[in-house]
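Here's the structure, in structure tokens; my notes come after.
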Amino acid sequence: PRPRAGVVRSAGCRRVPVLSWPIVGSVRRPASTPYLRYLILNVIVSALTVTVILWIWGRGPRPLATAPTPTFDVAAVLASKVPTATPTLPPTPTPHTYTVQGGDTLFSIARDLGIEPEALMAANGLSDPDRLSVGQVLTIPELSTAPEAAGPTQTAAPATLTPPPFDSQAPRLEIRGVDGAGILDRETVRLLNTGGVAALAGWTLDDGQGQVYRFPDGFTLYNRGAVSVHTRTGTDTAIDLYWGAQGAVWTSGKTLNLRDSNGDVQSTFTIP
């Protein structure tokens, strides 16, 4: 390269020529280089910031699970609001009662009232049909009635039974049955008078094999009156008489004979 001429002034105002050469190999750098560095640094810092935020977010508490919204059965709710019909119960009927009179027995009472003796015993909690006392109040069970038919039906009129005529003033005793046969403490013969007043002095009850019970003097059985003759020992009452035997008398197959004071048989009964 060619030197450039120049003038240098000194203190004495003398001009001295000076030669200068241009610098060889110098590079001119572009002015945008510093901005590019800042841009790259900004991108790196932003990426690090986002990474840190995401890491912190991932370590935070989990969001609560949303509870399912309850559903309602509208039909069931409406049905529960409908009042339930309560059946109206009929009033309890007033029980009928009967007061035991002298000479009454459970069997005669049941017969007169048209009910079964077992039903009468069950209604009063009785286990022994002979354990009745004068003045005792018995509850009479209600007779069951058949349900009403859906439509009108024709029923035949019941036939009227006419009992054979007899002298209502004459005694009419009969043996109605034997309870507890073969067991001394329970053996009982049931007698019923469907006729007139019967004075039983001299009357007997036998088994046809020599064993005879004699009714006590002065014992009277009125119309519809009944008495129980017990084999065991006891105290006589208006409805209970006691033989006082030492052992059982009545067994299956035996025939009982009730005889009046003349020895005539008035009633017989064979034990099944």
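Could you give the length gained on full extension between Ser80 and Tyr38, defined as 0.36 nm per residue of separation minus the Cα-Cα distance, in nm? Difference between extended and current length: 7.5 nm.
Peptides 190-197, 258-265, 47-54, 117-124, ordered by how many other C-beta atoms sit within 10 Å of their residues on average, highest first, read 190-197, 117-124, 258-265, 47-54. Between Ser267 and Leu258, the built amide H atoms are under 5 Å apart, and every one of these is 5 or more places off in sequence or on another chain. In the range 228-246, which residues have a backbone nitrogen under 17 Å from the label point lying 7 Å from Leu184's Cα in the Cα-to-Cβ direction? Answer for the range 228-246: 230-235, 242-246. Each of Arg59 and Ser261 was given a label point 7 Å from its Cα along the Cα-to-Cβ line. The distance between the two points is 12.9 nm. In this structure, the amide hydrogen of Lys254, modeled 1.01 Å from its nitrogen in the peptide plane, lies closer than 5 angstrom to those of Ile271, counting only residues at least 5 positions away or on a different chain.
Given a Förster radius of 41 Å and the C-beta distance between Asp217 and Thr88 as r, what FRET efficiency does 1/(1 + (r/R0)^6) yield to the nearest 0.05? Efficiency, rounded to the nearest 0.05: 0.10.
Readers should treat all values here as calculations from the given coordinates under stated rules, not as data from a laboratory. Quick caveat: nothing in here was measured; it's all calculated off a predicted structure. We place every Cβ from the backbone using ideal geometry, glycine too, and count neighbours over all the protein chains shown.
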